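The values are calculated or read from the model by the stated rules, or taken from the named source; none is laboratory data. Model, not experiment: these values are computed from the prediction. We place every Cβ from the backbone using ideal geometry, glycine too, and count neighbours over all the protein chains shown.
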Amino acid sequence: MAASLVEGCRVSLNLARSFRTARPRLAAVASDTSCVRTGSSRLQSTGPSEPGGFKPPPKPVLEDRRRAADESTRFLSPEFIPPRGRTNPLKFQLERKDMLARRKVLHIPEFYVGSILRVTSADRYASGKTIQFLGICIQRSGKGLGATFTLRNIIEGQGVEICFELYNPRIHEIQVVKLEKRLDDSLLYLRDALPEFSTFDVDMKPVPHESCQEVPVNKLKVKMKPKPWSKRWERPNFNIKGIRFDLALTEEQMKEAQKWSQPWLEFDMMREYDTSKIEAALREEIEASKKS
């Protein structure tokens, strides 16, 4: 019994001595392949990576949503695109040269049919030699130097419309009070709508809009006055989406209007005017004029 106890004590002493001698070696090996502390709590691996070991996550990619718009989606004013069927490129090239020179003097902002604008123009008979008019843009027409836009507002119960020439030297300033689109490309039917849909405060404050945001679309549908109207807006050739026809017409009148529909025109490829190549060339020309 005593001999076995003595033998066990010898074995335990030998194990303790071997552990003490191997401890510095393990520490040295661990220091060569362990992590080096680079800060208060961050570790950086310096040794060889073992299969199945810890791998740091990839660096996050931050996307700048305020970056400038792509060339293909940037706004191009519609008067720069020549009308279909015209074969005199020199005429439009000379007009574009004058248009770009005018834009260096007058800032012409981005706006659409449905946007609310305030225009300051010269008037020799006004007290301050200038006048201001605020209204909703109901139409954009014309090409080149003949481009125009029409503003409408209700002033003292009377509908007032002013058609401005976009490149008229009498215009001092064009301010976009509220940038937005409507469901239709022309709002001439506001002449036959209730006055409340064409009434805007002349002292309206500008609504801020960031350039990185998309242009909002106002899906408002107006209520019309009783017939007769200036045009038969219910007929399919106008393709009006911003009128509450259900409040102004009966079901029989709507069926009668559908007799004038021509659904096959939607699939007529020859009626489409592809301007993608023209727009790309125009953007290059505009960028070159800005650098010159």
Taking D201 as meeting all but one of (1) part of a helix (DSSP H, G or I); (2) charged (D, E, K, R); (3) loosely packed, with under 14 Cβ neighbours inside 10 Å, write down the number of the exception. (1)
All but one of (1) touching a residue at least 40 places away in the same chain (Cβ under 8 Å); (2) under 21 Å from S261 (Cβ atoms); (3) surrounded by fewer than 15 Cβ atoms within 10 Å (Cβ to Cβ) hold for I240; which doesn't? (3)
List the number of the failed condition for E196; all other conditions in (1) acidic (D, E); (2) over 19 Å from F111 (Cα atoms); (3) at pLDDT below 95 hold. (3)
Does region 244-260 include one or more residues that are in a loop (DSSP other than H, G, I, E, B), out of contact with any Leu (no Cβ under 7 Å at 6 or more places or on another chain), modelled with pLDDT of 95 or more and not aromatic (F, W, Y)? yes
Scanning region 98-129 for residues that are touching a residue at least 40 places away in the same chain (Cβ under 8 Å) and part of a helix (DSSP H, G or I), which turns out surrounded by the fewest Cβ atoms within 10 Å (Cβ to Cβ)? D98
With the requirement that a residue be farther than 25 Å from E196 by Cα and surrounded by fewer than 11 Cβ atoms within 10 Å (Cβ to Cβ), what does region 243-257 give you? E251, E252, K255
Test result for V215, part of a loop (DSSP other than H, G, I, E, B) and touching a residue at least 60 places away in the same chain (Cβ under 8 Å): yes
Residue pairs, Cβ under 8 Å, 6 or more apart or interchain, first in region 278-290 and over 11 Å from K97 (Cβ atoms), second basic (K, R). List them. L282/R96; R283/R74
